[in-house]
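Colleague: This structure is in structure tokens; I'll ask about it shortly.
The values are calculated or read from the model by the stated rules, or taken from the named source; none is laboratory data. None of these values were measured; they are calculated from a predicted model. Glycine gets a Cβ as well: all are built from the backbone with ideal geometry, and neighbour counts include every protein chain shown.
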Amino acid sequence: MKWPPSFFRTRMVLRHPLLSNLICSSAFANQATPLTPSIGSPARIHKLIAAQSDPLLAKEIFEVASSLRPDLPIRSTSHHSLILKLARAGHFSAALSLLRRLPSPSPALLSSLFLAFSRLRRPDLALSAFRRLLASPSSPPRPKLFRRLLSALAAHSSSLPAALSLLKSCSSFGVPHSVRAHNVLIHAFARAGNVAVAYSLFNRIFTLGLAPDVTTYRILMQALCRKSQVGTASDLFEDMLNKGYVPDSLAYNTLLNSLCRKKRLHEAYKMLCRMKVRGCNPDIIHYNTVIVGLCREGKPLDACKVIEDMPDNGCLPNLVSYTTVIHGLCSRGLYEQAHGYLEVMVGKGLIPHFSAFHALVKGFCSVGKTEEACKVLETMLLKGVAPHVETWDLIVAGICDDDREKLGDYVRKMINEEAWRKSTRITQVGCGLEEYMIRRSRYRTRPRR
């Protein structure tokens, strides 16, 4: 006797205890009509398929359910869940085989499939699924689904030519030209370093009678800045303003950062001052970008002016603002002003990184201002910031050269006061003292020539 294929599938799936129980219970419930096999309702089948971690077992459950009851209307969500399970597990042929059975795949399913294929580095399968949709007698693809396909293709440089060809021929399959679809590929080509193609797509938007949006300008400006074409990016920015667009925060920050890196600090500061007039209030990121640029080029006093102007524009300096200025002032030998900003920080409850304290200690010790260095160290310890061993070496060297008795008082204070003791590794300080005293004794006992 020749058994049908459904018999073998049933025997295979019956090994799964949950499904065998489901079939038994369904058969018991339908004992009045024993000739009509059943494995449960569509809801129970969907629940069973969704609960399986093994996609191949879920597929067998689906096949058995379909073969036992061809008249049972299995939910479309069961199809979708199974197709996605197979695709995400890398069973591409099985997933596409099930996809072909659907008369009209939903946009949500295709969108998820495009993403899954792209993540598994198979954008060609996403394109195949889209062509399957075009071949089916359904309505034209939605613009959102088309953009998702472009994103899936654009994530891989090898698929960029196919994505570009699709974009140029989108009207032939019922998808209207849109700025957002162009933005997807402008961003992809810009990220790949092909600014020429990105610029040509930007110009194509005008040719189609459309108008680029703020995102289009920002993407192209970022690409130009990465290529160090800051002048061209600035011209594009001015063109954007002349056409009535209001640049977003990210567009400003892109150009500010590039101007600072190109040492065009006057232009960066000028742009920062005009932001509010042009409809975009500068935030802490914009201010810190300019502050870092000024300090990096040895102009900390100009950075101080920026900090002083910030409260009037509704933005308060943060930890990065003050720390950057402190380092910038110390690099120019302006230790008193740097100390003043440190006290302002601490007064506002902002605790800087130990490197800011260390820069001040090092600076004061280098000019013989040991008292000021000790005050900085006191503040550091009282705020719970543990000094580096090198910081202690600087203090010890400065005090020993000045007054040994003062050094003894200082070390005793460090050992006795609880707040200092918690923040300091006494063993490290002891080793530093011992090494320093040995060096000094060797220096003093060295015979003079």
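Colleague: Which one of V385, V376, V325 is more than 29 Å from L256 (Cα to Cα) and buried (at least 23 other Cβ atoms within 10 Å of the Cβ)?
Modeller: Numbers: V385 fails: buried (at least 23 other Cβ atoms within 10 Å of the Cβ); V325 fails: more than 29 Å from L256 (Cα to Cα).
Just a single option satisfies the conditions, and that option is V376.
Colleague: Going through A155, A163 one at a time, which residue ends up being within 20 Å of the chain's Cα centre (by Cα), aliphatic (A, V, I, L, M) and either under 26 Å from S228 (Cα atoms) or at pLDDT 95 or above (or both)?
Modeller: On the way: A163 fails: within 20 Å of the chain's Cα centre (by Cα).
Unique residue meeting the criteria: A155.
Colleague: Being of a type in the set (A, V, I, L, M, F, W, C) and buried (at least 19 other Cβ atoms within 10 Å of the Cβ) is the filter; apply it to segment 237-270 and report the residue that is farthest from I285 (Cα to Cα).
Modeller: Step one: filter segment 237-270 for residues of a type in the set (A, V, I, L, M, F, W, C), giving 237, 240-241, 246, 250-251, 255-256, 259-260, 265, 268.
Those still in the list that are buried (at least 19 other Cβ atoms within 10 Å of the Cβ) too: 237, 240, 251, 255-256, 259-260, 268.
Working: F237: 19, M240: 22, A251: 12, L255: 12, L256: 10, L259: 15, C260: 13, A268: 13 Å.
Checking each candidate, the answer is M240.
Colleague: Filter segment 222-236 down to residues that are surrounded by fewer than 16 Cβ atoms within 10 Å (Cβ to Cβ) and under 25 Å from the mean Cα position of the chain (by Cα) and give me whichever is farthest from Y287 (Cα to Cα).
Modeller: Checking each candidate, the answer is K227.
Colleague: While we're on this one: Within segment 170-218, take every residue that is over 27 Å from S258 (Cα atoms) and outside any helix (DSSP H, G or I) and give me the one that is modelled with the lowest pLDDT.
Modeller: Checking each candidate, the answer is G174.
Colleague: Just one of S118, S151, S157 is among the polar types (S, T, N, Q) and either under 18 Å from F92 (Cβ atoms) or not assigned by TED's automatic domain parsing to the domain that holds S178 (or both); which is it? Quick ask: steps written out before the conclusion?
Modeller: Working: S151 fails: either under 18 Å from F92 (Cβ atoms) or not assigned by TED's automatic domain parsing to the domain that holds S178 (or both); S157 fails: either under 18 Å from F92 (Cβ atoms) or not assigned by TED's automatic domain parsing to the domain that holds S178 (or both).
Criteria check complete, one pass: S118.
Colleague: From the list V361, V306, V396, which one is within 21 Å of H266 (Cβ to Cβ) and β-branched (V, I, T)? Spell out how you get there, then give the answer.
Modeller: Values: V361 fails: within 21 Å of H266 (Cβ to Cβ); V396 fails: within 21 Å of H266 (Cβ to Cβ).
Just one listed residue meets the conditions, V306.
Colleague: Moving on. Go through segment 159-173 and report how many residues are touching a residue at least 24 places away in the same chain (Cβ under 8 Å) and of a type outside the set (A, V, I, L, M).
Modeller: 3
Colleague: Being buried (at least 18 other Cβ atoms within 10 Å of the Cβ) and among the small types (G, A, S) is the requirement here; does A196 meet it?
Modeller: Against the criterion (buried (at least 18 other Cβ atoms within 10 Å of the Cβ) and among the small types (G, A, S)), A196 does not qualify.
Colleague: Can you tell me which of L110, L115, L56 is at pLDDT 80 or above and either loosely packed, with under 14 Cβ neighbours inside 10 Å or not in a helix (DSSP H, G or I) (or both)?
Modeller: On the way: L110 fails: either loosely packed, with under 14 Cβ neighbours inside 10 Å or not in a helix (DSSP H, G or I) (or both); L115 fails: either loosely packed, with under 14 Cβ neighbours inside 10 Å or not in a helix (DSSP H, G or I) (or both).
Matching residue, one of L110, L115, L56: L56.
Colleague: Name every residue in segment 363-397 that is closer than 21 Å to Q337 by Cα, β-branched (V, I, T) and part of a loop (DSSP other than H, G, I, E, B), in order of residue number.
Modeller: V367
Colleague: Tell me whether segment 70-88 contains one or more residues that are surrounded by 14 or more Cβ atoms within 10 Å (Cβ to Cβ), of a type in the set (K, R), part of a helix (DSSP H, G or I) and modelled with pLDDT of 85 or more.
Modeller: yes
Colleague: Let me ask something else. For segment 329-345, which residues satisfy the criterion of being exposed (fewer than 15 other Cβ atoms within 10 Å of the Cβ) and among the small types (G, A, S)?
Modeller: G333, G340
Colleague: Oh, and also: Within segment 131-138, can one find any residue that is exposed (fewer than 15 other Cβ atoms within 10 Å of the Cβ), in a helix (DSSP H, G or I) and of a type in the set (A, V, I, L, M, F, W, C)?
Modeller: To start, the set of residues in segment 131-138 that are exposed (fewer than 15 other Cβ atoms within 10 Å of the Cβ) comprises 131, 134-138.
Pick out the ones that are also in a helix (DSSP H, G or I) and you get 131, 134-135.
Remaining after also requiring of a type in the set (A, V, I, L, M, F, W, C): 134-135.
Yes.
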